[in-house]
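Trainee: Quick one: this structure, given as structure tokens, is what I'll be asking you about.
The values are calculated or read from the model by the stated rules, or taken from the named source; none is laboratory data. On a predicted model such as this, the values are computed, not experimentally measured, just so you know. Counting neighbours? That spans all protein chains shown, and the Cβs are built from the backbone with ideal geometry, glycine included. Surface accessibility is based on the protein's heavy atoms, side chains included, excluding ligands, DNA and RNA. Shrake-Rupley method; radii C 1.70, N 1.55, O 1.52, S 1.80 Å.
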Amino acid sequence: MSEQPPDPNQTESPAEPLYTHPASPFVRTEAPEPVSMRALPATPSTWNTYRTQIEFGLAMLAYLMVLVGSITVLQSNPDASWRYVVAVLPVAPAALVLVIFIRALARLDELQKRIQMQAFGFSLGATALLTFGYGFLEGVGMPHISWTFVLPIMVILWGVGTAIFALRYR
């Protein structure tokens, strides 16, 4: 503390220290001013999700259009020499779907990558067991099933595996 007397010409009042007024039902309190905020922009991860879904949807649409066109052309020209080229045309948009899918997997965080890897492992193993087992059943008289059913089975089992492992890590 200083020994000098306070200056009588002081124009500013001293700042009140905190907690000088005890809580009282007679002291009126003011509500804080509302903070005006503009809408927040979508986060980059949200935009990446939407962009990936849009790209995936457009690639699947292209695949379906090429597939329907290919089947239509092949049915109307069954003996054409170029039928093998037309039959393989749907593979190009399917490859685009694969590229988009791999890019989407690369953007996942570590936990999501782990869930997807375990789900894929489950899908791969379960599909192998199912097709291997059915191969034995074909040997004893069951009807032959086309190889085109292997990928849908794998995708369905991947979805089941993703649900199982996502619940496991909750």
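Trainee: So which residues in segment 98-113 are in contact (Cβ under 8 Å) with a residue 40 or more places away in the chain and farther than 23 Å from Ala59 by Cα, if there are any at all? Give the derivation first.
Mentor: Pass one, segment 98-113, residues in contact (Cβ under 8 Å) with a residue 40 or more places away in the chain: 100-101, 103-104, 107, 111.
Result: Leu111, single match.
Trainee: In the list Leu157, Leu124, Leu130, Leu108, which residue meets the criterion of being under 23 Å from Glu55 (Cα atoms), in contact with a helix residue (DSSP H, G or I) (Cβ under 8 Å, 6 or more places away or on another chain) and surrounded by 11 or more Cβ atoms within 10 Å (Cβ to Cβ)? Spell out the reasoning first.
Mentor: Details: Leu157 fails: under 23 Å from Glu55 (Cα atoms); Leu124 fails: under 23 Å from Glu55 (Cα atoms); Leu130 fails: under 23 Å from Glu55 (Cα atoms).
Every option except Leu108 fails the conditions.
Trainee: How many residues, within segment 86-97, are more than 29 Å from Gly161 (Cβ to Cβ) and either touching a residue at least 40 places away in the same chain (Cβ under 8 Å) or open to solvent by less than 80 Å² (accessible area, probe 1.4 Å) (or both)? Give the steps one after another, and end with the answer.
Mentor: Filtering segment 86-97 for residues more than 29 Å from Gly161 (Cβ to Cβ) gives 86-89.
Within this subset, residues satisfying the condition of being either touching a residue at least 40 places away in the same chain (Cβ under 8 Å) or open to solvent by less than 80 Å² (accessible area, probe 1.4 Å) (or both) are 86-87.
Selection size over segment 86-97: 2.
Trainee: For segment 54-85, which positions are under 33 Å from the mean Cα position of the chain (by Cα) and either more than 25 Å from Ala106 (Cα to Cα) or surrounded by fewer than 14 Cβ atoms within 10 Å (Cβ to Cβ) (or both)? Working first, answer last.
Mentor: Applying the first criterion (under 33 Å from the mean Cα position of the chain (by Cα)) to segment 54-85 yields 54-71.
Listed by number, the residues that qualify are Ile54, Gly57, Leu61, Leu64, Met65, Val66, Leu67, Val68, Gly69, Ser70, Ile71.
Trainee: Across segment 34-53, which residue is modelled with the highest pLDDT among those that are over 15 Å from Arg103 (Cβ atoms) and open to solvent by 100 Å² or more (accessible area, probe 1.4 Å)? Spell out the reasoning first.
Mentor: In the first step, residues of segment 34-53 are kept if they are over 15 Å from Arg103 (Cβ atoms); the result is 34-43, 46.
Filter once more, keeping what is open to solvent by 100 Å² or more (accessible area, probe 1.4 Å): 34-38, 40-41.
On the way: Pro34: 77, Val35: 74, Ser36: 73, Met37: 67, Arg38: 70, Leu40: 57, Pro41: 57.
For segment 34-53, the residue satisfying everything is Pro34.
Trainee: Only residues that are assigned to a helix (DSSP H, G or I) and under 17 Å from Leu151 (Cβ atoms): list them for segment 85-98, please. I'd like the intermediate steps shown before the answer.
Mentor: To start, the set of residues in segment 85-98 that are assigned to a helix (DSSP H, G or I) comprises 85-88, 91-98.
Ala87, Val88, Val91, Ala92, Pro93, Ala94, Ala95, Leu96, Val97, Leu98, listed by residue number.
Trainee: Among the residues of segment 104-132 satisfying the criterion of being of a type in the set (Ser, Thr, Tyr) and at pLDDT 95 or above, which is nearest to Ala166 (Cα to Cα)? It would help to see each step written out before you state the result.
Mentor: Of all residues in segment 104-132, those of a type in the set (Ser, Thr, Tyr) come to 123, 127, 131.
Going one step further and asking which of them are at pLDDT 95 or above, we end up with 123, 127.
Numbers: Ser123: 14, Thr127: 20 Å.
Per the criteria, the residue is Ser123.
Trainee: Only one residue in Phe101, Phe26 is closer than 25 Å to Leu151 by Cα and at pLDDT below 90. Which one?
Mentor: Checking each option against the conditions leaves just Phe101.
Trainee: If we keep just the residues of segment 143-154 that are open to solvent by 90 Å² or more (accessible area, probe 1.4 Å) and not polar (S, T, N, Q), which is modelled with the highest pLDDT?
Mentor: First, pick out the residues of segment 143-154 that are open to solvent by 90 Å² or more (accessible area, probe 1.4 Å): 144, 147-149, 151.
With not polar (S, T, N, Q) added as a condition, the list becomes 144, 147, 149, 151.
Values: His144: 92, Trp147: 87, Phe149: 89, Leu151: 88.
Once the filter is applied, the top-ranked residue is His144.
Trainee: Ok, one more. Are any of the residues in segment 133-140 under 26 Å from Ala59 (Cα atoms), at pLDDT 90 or above and either open to solvent by less than 60 Å² (accessible area, probe 1.4 Å) or not in a helix (DSSP H, G or I) (or both)?
Mentor: Kept after step one, since they are under 26 Å from Ala59 (Cα atoms), are these residues of segment 133-140: none.
No, segment 133-140 contains no residue that is under 26 Å from Ala59 (Cα atoms), at pLDDT 90 or above and either open to solvent by less than 60 Å² (accessible area, probe 1.4 Å) or not in a helix (DSSP H, G or I) (or both).
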